[in-house]
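Taking it in order: structure first as structure tokens, then the write-up.
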Amino acid sequence: MKTHILKFSAFVGVLLLLLTAFGSSSCNKDKTTHGKIHVIDTAGAYVNGATVKLSAPNGQVTYTGTTDGSGFVNFDVRLPAIFDVTATKSSYPGKIGTGVLRLDEPGKTTELTVTIR
């Protein structure tokens, strides 16, 4: 009888060890989401040097970036989120581009094109 109890205890111990190992590794998964914003003007030309701002609807989280020569800017965000996007450039006074960026899949890059009008 003692042998069965010892074997069962050893089995339960190994099972708990495996569950702990797998459980903690899944908690440490990278939850970074990626957003790629492309800013263009009404003629479809890339807008280099545009300021792009991501704002959470609650106003507590904001990211800002500047487009490159191809009109792109990338954002890496640590958890899934939804952002209001605004794009501006001083050479387009009074004009703005807007959109909504939904980052909801860790590891995935979500792209959005914003037109400054």
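The values are calculated or read from the model by the stated rules, or taken from the named source; none is laboratory data. Remember, it's a predicted structure, so these values are computed and weren't measured experimentally. For neighbour counting, all protein chains shown are included, and Cβ atoms are generated from backbone atoms with ideal geometry for every residue, glycine included. When the accessible area is computed, the model is the full protein with side chains, heavy atoms only, and any ligands, DNA or RNA have been set aside. Shrake-Rupley method; radii C 1.70, N 1.55, O 1.52, S 1.80 Å.
Listed residues LYS31, LYS36, LYS89, LYS95; which is basic (Lys, Arg) and at pLDDT below 95? Break it down into steps so the answer makes sense when it comes.
Working: LYS36 fails: at pLDDT below 95; LYS89 fails: at pLDDT below 95; LYS95 fails: at pLDDT below 95.
None of the other options fit; the residue is LYS31.
Rundown of residues vs (1) touching a Phe, Trp or Tyr at 6+ places or on another chain (Cβ under 8 Å); (2) of a type in the set (Val, Ile, Thr), yes/no style:
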site: ILE37; (1), (2): yes, yes
site: ALA45; (1), (2): no, no
site: ASN58; (1), (2): no, no
site: TYR63; (1), (2): yes, no
site: ASP68; (1), (2): no, no
site: VAL77; (1), (2): yes, yes
site: SER91; (1), (2): no, no
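Can you tell me which residue within the range 55-81, out of those that are under 12 Å from the mean Cα position of the chain (by Cα) and aromatic (Phe, Trp, Tyr), is surrounded by the most Cβ atoms within 10 Å (Cβ to Cβ)?
PHE75
Could you please tell me which pairs satisfy a Cβ distance under 9 Å, a separation of 6+ or placement on different chains, a first residue in the range 64-81 that is without any contact (Cβ under 8 Å) to a residue 40 or more places away in the chain, and a second residue that is aromatic (Phe, Trp, Tyr)?
GLY65/PHE75; THR67/TYR46; ASP68/TYR46; GLY69/TYR46; SER70/TYR46; GLY71/TYR46; PHE72/TYR46
Residues in the range 82-112 that are in a strand (DSSP E or B) and either of a type in the set (Lys, Arg) or open to solvent by 80 Å² or more (accessible area, probe 1.4 Å) (or both): how many?
At the first step, the residues of the range 82-112 found to be in a strand (DSSP E or B) are 82-88, 97-103, 109-112.
Among the residues that remain, those that are also either of a type in the set (Lys, Arg) or open to solvent by 80 Å² or more (accessible area, probe 1.4 Å) (or both) are: 98, 100, 102, 111.
Within the range 82-112, residues that are in a strand (DSSP E or B) and either of a type in the set (Lys, Arg) or open to solvent by 80 Å² or more (accessible area, probe 1.4 Å) (or both) number 4.
Looking at LEU54, LEU79, which is the one that is among the aliphatic types (A, V, I, L, M) and either assigned to a strand (DSSP E or B) or in contact with a Leu (Cβ under 7 Å, 6 or more places away or on another chain) (or both)? Reasoning before the result, please.
Values: LEU79 fails: either assigned to a strand (DSSP E or B) or in contact with a Leu (Cβ under 7 Å, 6 or more places away or on another chain) (or both).
Residue meeting the stated conditions: LEU54.
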